[in-house]
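The values are calculated or read from the model by the stated rules, or taken from the named source; none is laboratory data. Values in this document were obtained by computation on a predicted structure and should not be read as measured data. Glycine also receives a Cβ, built like all others from the backbone with ideal geometry; neighbour counts cover every protein chain displayed. Just the protein is used for accessible areas: all its heavy atoms, side chains included, with ligands, DNA and RNA removed. Shrake-Rupley method; radii C 1.70, N 1.55, O 1.52, S 1.80 Å.
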Amino acid sequence: MKPTHLRGLLALVVLCAVPLVLWARSAPLDSRFDGSFTTLTSIAVLCALAGTSAFALNLVLGARLRFVEAFFGGLDRMYEVHRVNGQVAFVLLLGHVALILASRATVSWETAFDLLGPGAGWTVFAGVLAFAALTVGILLTLFARLGHELFVYVQRSFGFIFLVATYHVFTTDGAADESAALNVYLAALATVGLAAFAYRSLLGSLLVRRR
């Protein structure tokens, strides 16, 4: 593995780890791991922070920006990282959903299942819809034999899915409200990701030179 490839991977790991550090510094950890409900919820939040960060960064990788491509040592290597990082983001977000449901199940199964419907409120249901759409997109990308045009449309859908996911992240009462630094960092990362998506997928015909 070339140094540029390792440099790119290290940068992704660091950028995804920053919100975890900010979260850990925003409140005493003892209170966040006191009892099964609180512990499961805290681990779920950590998965969400890292997963959302990885998701945003994958939009940047998918934009095929020249300076990002050079940073990773070429387009092929960047695409390889893009693929793996997307899978990592999905696993982390899957962990978030599973652990949130598990934490609520410590109260009652009814409480857990109530989170999956619109009755839980639009903030929560937006997260449910985003994760369901992400799951379908990932399964189609990895296992379905899609034509090139359909594959491109599926890839573009991830930007809209991320937009719905950010609504869930920033309207949920939780870690971001407890730390101004964490809130600013997540907002900056989400903005960069959405800007990269808009540059390549929404405004690509105007802004991206074709060769």
Filter segment 44-73 for residues that are over 8 Å from the mean Cα position of the chain (by Cα), small (G, A, S) and either open to solvent by less than 20 Å² (accessible area, probe 1.4 Å) or closer than 17 Å to F158 by Cα (or both) and give the result.
A44, G62, A63
How many of the residues making up segment 25-38 are open to solvent by 40 Å² or more (accessible area, probe 1.4 Å) and in a helix (DSSP H, G or I)?
7
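Taking the stated definitions as given, is V88 out of contact with any Ser or Thr (no Cβ under 8 Å at 6 or more places or on another chain) and closer than 16 Å to F131 by Cα?
So V88 fits the description; yes.
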